[in-house]
Each structure stands twice: as C-alpha cells, then as structure tokens.
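Below is one structure, written out as structure tokens; comments come after it.
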Amino acid sequence: MCMPMTGRRLTSLLAYVTTAAAGASLLTGCGVLPGATGGSREPVTVMTWAPDQTRATNMPGMPAMAQAYARWINSEGGIDGHELRVLTCNEENTSAGAAACARRAVREGAVAVVGSYSQNGRAFMAPLEAAGIPYIGGYGISEDEFTSPLSYPVNGGQASLIAGHGMQLAADCRKVSLVRPDTIAGDKLPDLLNSGLRKASHRKAIDIPAVEDAAEYTAQAGRARSRAGGEGGCVTAVLGERTQTFFDSFRRLPEEEKKEDTVRISSVLGSVGQPLIDRTGGAHSPFEGAYVTGWYPEAGDKSWAPMRKVIQEHAFVDNRVDPTDAGVQTTWIAYTVLRQVVESLDSDKVTAVQLSHALDNGVRIDTGGLTPALRWRYDDLLGAPGFPRIVNHDVTFQVVREGRLVAQKPGFVDVGETVLAAP
C-alpha cells in the first residue's frame, strides 16, 4: 500500500533511490511507470474487440496489435504518464457477442473502444452510447460507425472502398460483375460501386448477392463470369474472409467458361490483402494482376516503419500480428489517435467524456502520412447519406505484381464526391 509522502519520508526515499537501483521498483509500486517523469497518473483502460475462430470474417490481429501497442507504449512510460491497459474481447461475429463485449467494456471501466472490428453496430453502439464511451477507429464495416455521434472513424469504411473501387475499375473494365454479401450492409454496395463506375460514364455492375459464409460459390462464380463477358470483363468479389473461397470456385470453373486470360479479378482491402496473396502462392497466386482498392499506403511504404518496429520488438513471436493486414494497420492508426488525444488532455485522470469532448472540439491527429490529418468537428464531416461521419475519404489504388500489393497510382485518391453521389 502506498502512503502519502511527507517531506521527511520523501527525503529518505530519495536518498535510498540514489544509493540503490531497487528504488525504481518502489516508485513503480506506487503507480508511476518506468520512464514516467511526473507524479502518479491514473491508468487508461480501453478495449479492442474482433471476431476470432468463427465461420465468417476473423480479425485476431486487431486485439493482438492492441496488446503489442500497450507493451510498447508502457515500456516508454505510458501515454503521457498513464499506463495503458488493454482489454480484449471475441466479438464472435454475432450481435449477442458484440453486445456482450460492449457491456463488458462498460463494466470494466473502459474509457474508449479502440481499433475494433464488428459488423454488428446496432448491438454494440447502444451500450457504448448509454455509457458515453467513444468508439475510436473501428474497422469501418458497420453503418453505425458512420452515424453514431460517439464514433470517430479513421477511414472511409466500405463506402469509400467500394466507391473508389468503381473508379479504379472504370478505366479498364467493359463490364463488371459484383459478388457481395446478401446482407443489409451488402445491399448498399452496388450503388456505391456504380457511383464510381459512373465517373467514366460506365454501365452499372451486375449485382450477384451471395451467402456470406458459404462453403463454395460455384453457381455465383459461373454467373459472374458469364455476365462479365469475355475480353474486358471484370469480376470483383467483396466477401471478407470468404473472398478466397469465391475465387477458388471461380478458378475451378471449366476452362471454356472462365477464359482466365480475358477476365480480370479485383476486390478491396480486407477481402484481399497481402496475407491472402502470400497464402495462395505469392507470385503464382490466382490474385496476380488483380486490382485492389485500399484505405492506406501500400504495406511497403516508409510511413509504416514505426508500426513495423513496434511489431518486431513487441510482437515478433505472435503470428497474428501481420503488418500487411488491414485490421492490424487500422488498429495501429486508432491507437495513434488515442495517444495524441490523451496527450492533448494533459490530465492526471482520463475519462470517456474528456476524450469525446476533445475529439468533438477539433483535436488534430497526425498519423505520419498513413492518412490525411484527422479531425472530427462538424465542419470536417463528409455528411454523405448513411455515412455522415466520414472524415477521411481518401483511398489508394493498388495492384498485385509479382506477388506483392503495390501502388497502381501514387498517393491518395479523394472519393468524397463519389460517395456523396451514391443514391
């Protein structure tokens, strides 16, 4: 138990510290982190959740990245002297699981949920809103992330990816077949893709809904291939983790039906990424030559160097933490936001209300070139129907060359107007 410091006791303790290295451990026991410069500051508790070991999309790298970030920042003295405590939760890809994680965050005193993945926005946002807990840097997969006043997204979500993907495909694709989840969220994708295709006076994509967790997609693959036509046709699939399953079915179509040399395949980051390309053969992967739209710079960009260093030093034995994974990257950016907001407060105690107030009132976040500068004032919001809280509407156009996702076009592409133009 730490007792109040009188002048006499403090003098004695300082004398002891100067003569014994063990003094550092005494200070740590009283709540000051190694490397901290000031007095005792209260820990900051946050939660990161994601689905794991489910039949649909799994994102185990996100909570693992959060834990690695905490190990790193605490070894540096914490965030502005605050120890960072990270709670993790398996969201299970269910509304019940998402709600349970949110209730646990409230129960265990989390001041924010950071860098998390869930399609079940309605289930998790209600408990967070009731407790006033901000949702910082979610993956961008649920509509509620772009409507709740307590959500602070770091990317433009699926809306920006799909609208941007339409722009990317418009120049080279005569016809486009879109295979997407037969869900409420999936129902919005055709209009967004078509908004991008219209940038080049392009015809609408052929919409092919599919069960999100199917074991195979032969029927949908055959339809997508035949409707896209021959030369100049493109087949794009946005099925999360099941995108690989779809393209396996596509690859197995009879030779006369697929004509692989005339049909280009494509997708968006999160459905296709470097880990999947590596897992399916690298330079010999069926994704060689595929177009991919992403939120952030290519994985080899120098802007990712700080994240890679943290992973190498604090998560090098954890194969869940892949620096090329979009979920890991989003979590890194989300914790970058948390760190800068906490530092802006310069307070011995950090509360959920303080965090949301600072974010609402224009704290400016520098992500080191991974995104444009981020702010969430009213004037910074895109205000698109269904996605009003988008503040970052930049995407990147990438292509798979020799087994690596590289930039097809340098820099960012602003798709804000394209998202606004979607019905």
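The values are calculated or read from the model by the stated rules, or taken from the named source; none is laboratory data. Keep in mind that this is a model prediction, so the values were computed, not measured. Note that each Cβ is placed from the backbone with ideal geometry, even for glycine, and that neighbours are counted across all protein chains shown. Calculation scope for accessible area: heavy atoms of the full protein, side chains included, ligands and nucleic acids excluded. Shrake-Rupley method; radii C 1.70, N 1.55, O 1.52, S 1.80 Å.
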Members of the range 182-192 found to be in contact with a strand residue (DSSP E or B) (Cβ under 7 Å, 6 or more places away or on another chain) and either surrounded by fewer than 24 Cβ atoms within 10 Å (Cβ to Cβ) or not hydrophobic (A, V, I, L, M, F, W, C) (or both), listed by number: Asp182, Gly186, Pro190
Scan of the range 274-291 for residues that are touching a Gly at 6+ places or on another chain (Cβ under 8 Å) and either modelled with pLDDT under 90 or not in a helix (DSSP H, G or I) (or both), ordered by number: Gly281, Ser285, Glu288
Scope the range 115-174; condition acidic (Asp, Glu) and either open to solvent by less than 10 Å² (accessible area, probe 1.4 Å) or in a helix (DSSP H, G or I) (or both); matching residues: Glu129, Glu143, Asp144, Glu145
Lone unmet requirement of (1) closer than 17 Å to Met47 by Cα; (2) hydroxyl-bearing (Ser, Thr, Tyr); (3) in contact (Cβ under 8 Å) with a residue 60 or more places away in the chain for Ser148: (1)
Conditions (1) assigned to a loop (DSSP other than H, G, I, E, B); (2) touching a residue at least 40 places away in the same chain (Cβ under 8 Å): number failed by Trp332: (1)
Filter result (part of a loop (DSSP other than H, G, I, E, B) and open to solvent by less than 40 Å² (accessible area, probe 1.4 Å)) within the range 292-306: Trp295, Tyr296, Pro297, Ala299
Matching residues, the range 126-165, being under 26 Å from Val399 (Cα atoms) and in contact with a Lys or Arg (Cβ under 7 Å, 6 or more places away or on another chain): Pro153
Residue, farthest from the chain's Cα centre (by Cα), within the range 350-372, restricted to residues that are over 25 Å from Glu108 (Cβ atoms) and among the polar types (S, T, N, Q): Asn361
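Residue-by-condition table, conditions (1) modelled with pLDDT under 95; (2) open to solvent by less than 20 Å² (accessible area, probe 1.4 Å):
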| residue | (1), (2) |
| --- | --- |
| Gln220 | no, no |
| Glu231 | yes, no |
| Ala237 | no, yes |
| Gly240 | yes, yes |
| Phe250 | yes, yes |
| Glu256 | yes, no |
Those residues of the range 204-218 which are in contact with a helix residue (DSSP H, G or I) (Cβ under 8 Å, 6 or more places away or on another chain) and surrounded by fewer than 20 Cβ atoms within 10 Å (Cβ to Cβ), in sequence order: Lys204, Ile206, Asp207, Pro209, Asp213, Ala214, Ala215, Glu216, Thr218
Single residue of the range 41-59 satisfying the filter (closer than 19 Å to Asp346 by Cβ and aliphatic (A, V, I, L, M)) that is nearest to the chain's Cα centre (by Cα): Val46
Within the range 380-395, tally of residues that are open to solvent by 10 Å² or more (accessible area, probe 1.4 Å) and either over 20 Å from Glu145 (Cβ atoms) or part of a loop (DSSP other than H, G, I, E, B) (or both): 9
Residues (buried (at least 21 other Cβ atoms within 10 Å of the Cβ) and within 16 Å of Asp346 (Cα to Cα)) located in the range 61-79: Gly78, Ile79
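A quick yes/no check of all residues on (1) more than 19 Å from the chain's Cα centre (by Cα); (2) open to solvent by less than 20 Å² (accessible area, probe 1.4 Å):
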position	(1), (2)
Arg308	no, no
Gln312	yes, no
Arg320	no, no
Ala326	no, yes
Thr330	no, yes
Val337	no, yes
Asp348	yes, no
Leu374	no, yes
Criterion (touching a residue at least 24 places away in the same chain (Cβ under 8 Å) and in a loop (DSSP other than H, G, I, E, B)) met by exactly one of Val310, Val350: Val350
